[in-house]
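Take a look at the structure set out below.
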Amino acid sequence: MTDAIPESTLPYPPVYKDKRFVVLSDWDGTITTQDSNDYMTDNLGFGKARRRAGNLEILAGRQTFSRDGFREMLESIAANGHSFDECKEVLKKNIKLDVGFKDFNAWCAANDIPVVIVSSGMAPSIRAVLSNLVGEEVADTIDIIANEVEIEDNGKWHINFRHPSSGYGHDKSRAILPYKDLESPPLLFFFGDGVSDMSAARHADVLFVKQKDDGENDLAAYCTREGIKHIIFRDFAQALRVVQAVVRGEKTPAEVLAAGKA
Ligand SMILES: [Mg+2]
């Protein structure tokens, strides 16, 4: 699925071709402590049991990240009568930031390292929650590459996929691969936690996979199975120390990847 180039229906922010380092990160469950789409599905849509059954199918290799399964999750929320504005408010109240992310982002900003969110979620709700958590001024400095939402006149809403022809809906590898074509590409740090990060995982220079306490560590299981080197991290405070060591030239990417843990 990563080989064919899916057509993007949505624009991309510019590639940071003159930077030495770029951070790309998943949003849900990585920058936030909880996945907002899962949260909405579990609490406003068809519920957790049905959602987990779908994720386990993906992990077992019987199915890749399912654009259609994801759409069904979100449709179950709209079908229960919850408007998109209501969802945004529920998320703003309930979704929390990784404890180290603010400092991590501030350090990156001070060191000329762009931070880009690459998400399978919907940009307007991510933007709303991010602004709420870090303040609008800081949030405005962070690019978001995600899907969009379409709201009908009757209030019904549905997700508008960036890559409708890809099984991922949003193929995150397309946010990374343009960097690989540059003459002297920046070193790419990628942070993720779940099945939607699978397409991007193998293209990162330094891959961080978030440790989960609830057993839903789908990306770690995938990387281990596929032999993709990665660094397990608990929060962005831990990850920052590893990123700093690489940026300052104290450690090579190969060394931090060999350590395997932040
Ligand atoms: Mg995630």
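Since every read-out is calculated from the coordinates, none of them should be taken as a lab result. What you see is a predicted model; the values in this text were computed from it and never measured. Every residue, glycine among them, receives a Cβ derived from its backbone with ideal geometry; neighbour counts consider all protein chains shown.
Quick look at the numbers
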item	result
Degrees, to the nearest 10: 67-79 long Cα axis against longest axis of the chain	50 degrees
Table column - 3J(HN,Hα) (Hz), region 24-39, Karplus curve with 6.51, -1.76, 1.60, x for Gly and Pro	10, 9, 4, 9, 6, x, 10, 6, 9, 7, 9, 6, 5, 6, 5, 4
Segments 200-207, 114-121 sorted - mean Cβ within 10 Å per residue, highest first	114-121, 200-207
Cα-centred dipole magnitude for the chain, charges only on beta-carbon of K, R (+1) and D, E (-1), debye, nearest 20	720 debye
Against the rule of thumb 2.2 N^0.38 Å, how large the Cα Rg of region 130-262 comes out	1.20
Net length gained if the chain between Lys212 and Glu7 were fully extended (0.36 nm per residue, minus Cα distance)	70.5 nm
Mean residue ellipticity (222 nm) of the chain, computed from DSSP H runs ≥ 4 via -39,500 (n - 2.57), nearest 500	-12000 deg cm²/dmol
The chain: angle of helix 48-59 to the longest principal axis, Cα-based, in degrees nearest 10	50 degrees
Region 144-197: trypsin sites (Lys or Arg not before Pro) in DSSP coil with no more than 15 other Cβ atoms inside 10 Å	Lys156
Largest to smallest principal axis extent of the C-alpha atoms in region 53-164, angstrom	42, 38, 25
Rough spin-label spacing in nm, given labels placed 7 Å along Cα→Cβ, for Asp85 and Ala237	3.9 nm
Cα centroid of region 240-262 to Cα centroid of region 172-191, whole Å	18 Å
Reduced Cα scattering model of the chain, Debye log10 I(q)/I(0), q = 0.07, 0.08, 0.12, 0.15 Å⁻¹	-0.22, -0.29, -0.68, -1.11
Nonlocal amide H pairs with Phe191, under 5 Å, H built at 1.01 Å	Leu24, Ser25, Asp26, Phe208
Helix 84-94 vs. the chain, principal-axis angle (Cα, 0 to 90°, nearest 10)	50 degrees
